[in-house]
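The values are calculated or read from the model by the stated rules, or taken from the named source; none is laboratory data. Note that this is a predicted model, so its numbers are computed, not measured. Note that each Cβ is placed from the backbone with ideal geometry, even for glycine, and that neighbours are counted across all protein chains shown.
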Amino acid sequence: MEFKQAYAPISVGKITTFIPIERAPDAPVYVSVQPSDAGDKLVWSAVDSAKFYFIEQYINGKWEMVNANYQGTQYTLPKSASGVYRVTACDEYGCAKAKQQNRVVSEPLAVKAFYTNRSQVDDYQRVSLSWEISGAATVSITRYEQGRKVESWLNINPSRGTLTSNVRSLADFRLVAKDFNGETIARKLRIATLPENPVKLQGAKGKYTQPLFHSGLDIVSRSMLVKHGSVYFSTHDGQLMRYSAEKQNGAAVEWKKSWSLKLDGVVNNAPVMKADKLLFSVSLRNGTGKMCRVNASTGGEKECTEIKSSALIASPLIIKSASKSTESLFSRAVSFVSRPSSQLIEGVYLFRRDGVVEILDPNDMHKEIRTFGIPDFRNEVVSTPILISDPDNNFEEHFIVEDGLDVIGVEAPKHTLQQSSSIVEAAREWFNGNEVQNESEQSSDTLKVLWRKRL
C-alpha cells in the first residue's frame with residue numbers, strides 16, 4: 001500500500017521550511033497467544049499512534065498475510081492456523097518493525113499477588129508496587145488521588161513486574177487484568193503519605209522538671225538543646241522553638257515559648273550554638289536538605305545555604321583547630337623532628353545523608369571550603385558524628401560515625417604542615433620571627449575509614 005510523506009518544519013529566522021522525514025509508530029510491547037481448539041487467540045498491547053495493524057502467520061518457512069488492515073488489538077485465528085504470528089503497527093506515514101509473539105499463555109486468569117513494599121510512602125514520597133499474574137492478556141495499573149485519576153501504566157508486563165510511583169496524597173492503585181476473552185479481575189491498594197503530625201503518646205509526669213510536658217507539641221526527641229537556661233527543639237510538623245524559664249527568686253516557676261520558626265522541613269538532630277547564632281540542619285520531604293542559622297535570642301535573621309542534593313539529618317559540626325600561639329617553642333621543635341604535624345581544616349562540617357562531607361566557611365555559609373567522601377560507607381548518616389582525640393594514637397583526631405549497625409572511625413581532614421627537619425633551623429626561624437610552616441591542603445577527596453566495629 002502507499003503511505004503519505006511526513007514532513008518536519010525547520011525555522012531559520014522568519015522563514016520556515018518543511019523537509020521530508022521518515023516516521024512510523026512504535027511496535028507493540030507484548031504480543032500474546034492463547035492456543036485453543038477453536039482457534040488461536042492473539043492479543044497485543046495497543047500503540048497510541050497506530051491507525052491499523054498487519055497480522056501475519058508463519059507458514060512453510062515464510063510470513064503470510066492474515067489481515068492487512070485490522071483496527072483492534074485482539075484477533076482470533078482459524079483452527080488450522082500455524083501457531084506462530086507477528087503484528088505490525090502502521091499509520092498513514094508508515095509501519096513499525098514487525099513484532100513477533102513473545103508470550104504463549106495457557107493458564108486461566110488469576111491475580112496471584114498485588115502488593116507494595118510499604119503501607120505509606122518513604123521519605124522521598126515514593127512507593128513500589130509489585131504484581132504476579134497468570135493467564136492475562138493485558139494488565140494495567142491506575143493511580144487515583146482524592147478520587148481523581150492521576151497516572152496510568154497501560155502496557156506493563158502481563159505476568160509479573162515492579163514499578164515505582166511518587167505519591168502526593170492518599171492514593172488508591174487499581175490493577176486490572178484482562179484475559180483473552182475480555183473478562184477482567186481488579187485489585188486495589190491504598191497508600192498513605194507521611195503524617196504531618198504523627199501520633200503522640202501521653203507521658204507520665206514525674207518529680208523532675210519537665211518544662212515541655214503540657215506543651216502539647218510533637219517534639220523530635222533528638223533535637224533537644226539546653227543552653228543558657230533555654231531549651232531549643234524542633235517538632236515533627238516543621239517548627240523550631242525556644243522555651244525559656246520565667247524565674248522568681250532565682251527559681252524557674254513557669255516555662256514559656258520565647259519564639260517559634262516555621263520551616264519547610266524537619267530538624268532531626270540538636271542544633272549547635274556559635275556565638276549568638278543557632279545552626280541547624282533541615283531535612284526536606286523530597287530527600288534534599290539545607291543548613292540554616294538564626295539569631296538564638298529572637299529566632300530572626302534566618303539565613304540558609306542552597307539546597308543540597310542529599311538530606312542533612314545530622315547536625316552541623318563546628319571545627320576549630322587549637323591556636324598555634326599556645327604551642328611552646330620546645331613542643332614545636334620536637335614535633336619537627338619526630339613527625340610532620342597537622343592541623344584540622346576549620347569550618348562548619350555538613351555530613352550529608354549519602355556520606356558526603358562538605359566543609360563551609362563559618363563566616364560565609366555559601367562558601368564551600370572542601371568536599372570529601374567517606375569510602376565504603378554502607379548505609380546513611382542519620383546521627384550526628386562525634387570528633388574525638390585518640391590518646392592511643394598520639395592524640396590524633398578522627399570522627400566516630402554510625403553506619404547502620406556498625407560504628408566506624410573516619411579520619412578528620414587536615415592541612416598538612418611542611419616543616420623543617422632540624423631543631424636548630426626551627427629555633428633560628430622561630431627567634432627570627434619567621435613562620436616555620438607552609439600549609440598545603442589534604443590532596444585526597446576521600447576520608448580514610450580507620451576502623452569499623454559492630455554495635
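Quick notes on this structure:
- Qualifying position, being more than 30 Å from Asn166 (Cβ to Cβ) and in contact with a Phe, Trp or Tyr (Cβ under 7 Å, 6 or more places away or on another chain), among Ser82, Ser140: Ser82
- Selection status of Thr138, surrounded by fewer than 16 Cβ atoms within 10 Å (Cβ to Cβ) and not assigned by TED's automatic domain parsing to the domain that holds Ala311: no
- Selection count, the range 222-240, where residues are at positive phi and surrounded by fewer than 18 Cβ atoms within 10 Å (Cβ to Cβ): 2
- Residue within the range 69-88 that is in a strand (DSSP E or B), at pLDDT below 90 and touching an Asp or Glu at 6+ places or on another chain (Cβ under 8 Å) present: no
- Of the residues making up the range 1-45, just one is within 19 Å of Gln71 (Cβ to Cβ), hydroxyl-bearing (Ser, Thr, Tyr) and assigned to a strand (DSSP E or B), namely Ser32.
- Pairs with Cβ under 8 Å, 6+ apart, first in the range 263-275 and of a type in the set (Gly, Ala, Ser), second in a loop (DSSP other than H, G, I, E, B): Gly265/Gly238; Gly265/Leu284; Gly265/Arg285; Ala270/Met224; Ala270/Ser315; Ala270/Thr384
- Of the strands (runs of 3 or more DSSP E) lying entirely inside the range 215-279, those carrying at least 2 residues that are among the polar types (S, T, N, Q) and over 23 Å from Phe351 (Cα atoms) are 239-248, 251-262.
- Top-ranked residue of the range 246-298 - restricted to ones that are of a type in the set (Val, Ile, Thr) and in contact with a Lys or Arg (Cβ under 7 Å, 6 or more places away or on another chain), ranked as surrounded by the most Cβ atoms within 10 Å (Cβ to Cβ): Val282
- Condition broken by Ile369, with the remaining ones in (1) at pLDDT below 90; (2) part of a strand (DSSP E or B); (3) surrounded by fewer than 18 Cβ atoms within 10 Å (Cβ to Cβ) satisfied: (1)
- Condition met for Val87 (within 25 Å of Arg174 (Cβ to Cβ) and surrounded by 15 or more Cβ atoms within 10 Å (Cβ to Cβ)): no
- Residues in the range 1-41 that are polar (S, T, N, Q) and loosely packed, with under 15 Cβ neighbours inside 10 Å: Gln5, Ser11, Thr16, Thr17, Ser36.
- Hits in the range 117-176 (condition: of a type in the set (Lys, Arg) and either outside any strand (DSSP E or B) or touching a Cys at 6+ places or on another chain (Cβ under 7 Å) (or both)): Arg118, Arg168
- The criterion of being closer than 27 Å to Glu380 by Cβ, modelled with pLDDT under 90, surrounded by fewer than 18 Cβ atoms within 10 Å (Cβ to Cβ) and not assigned by TED's automatic domain parsing to the domain that holds Asp122 does not hold for Ser215.
- Verdict on Phe114 being in the same structural domain as Lys178 (by TED's automatic domain parsing), within 45 Å of the chain's Cα centre (by Cα), at pLDDT 90 or above and farther than 30 Å from Leu284 by Cα: yes
- The range 93-111 - residue that is outside any loop (DSSP other than H, G, I, E, B) and of a type outside the set (D, E, K, R) and, of those, farthest from the chain's Cα centre (by Cα): Gly94
- In the range 282-310, of all residues being part of a loop (DSSP other than H, G, I, E, B) and among the basic types (Lys, Arg), the one that is modelled with the highest pLDDT corresponds to Lys302.
- Scanning the range 204-247 for residues that are aromatic (Phe, Trp, Tyr) and either within 24 Å of Ala275 (Cα to Cα) or in contact with a Pro (Cβ under 7 Å, 6 or more places away or on another chain) (or both) yields Tyr232, Phe233, Tyr243.
- Lys62 being surrounded by 13 or more Cβ atoms within 10 Å (Cβ to Cβ), at pLDDT 90 or above and among the charged types (D, E, K, R): no
- Sole exception among (1) among the aliphatic types (A, V, I, L, M); (2) more than 30 Å from Thr288 (Cβ to Cβ); (3) surrounded by 15 or more Cβ atoms within 10 Å (Cβ to Cβ) for Ala113, by number: (3)
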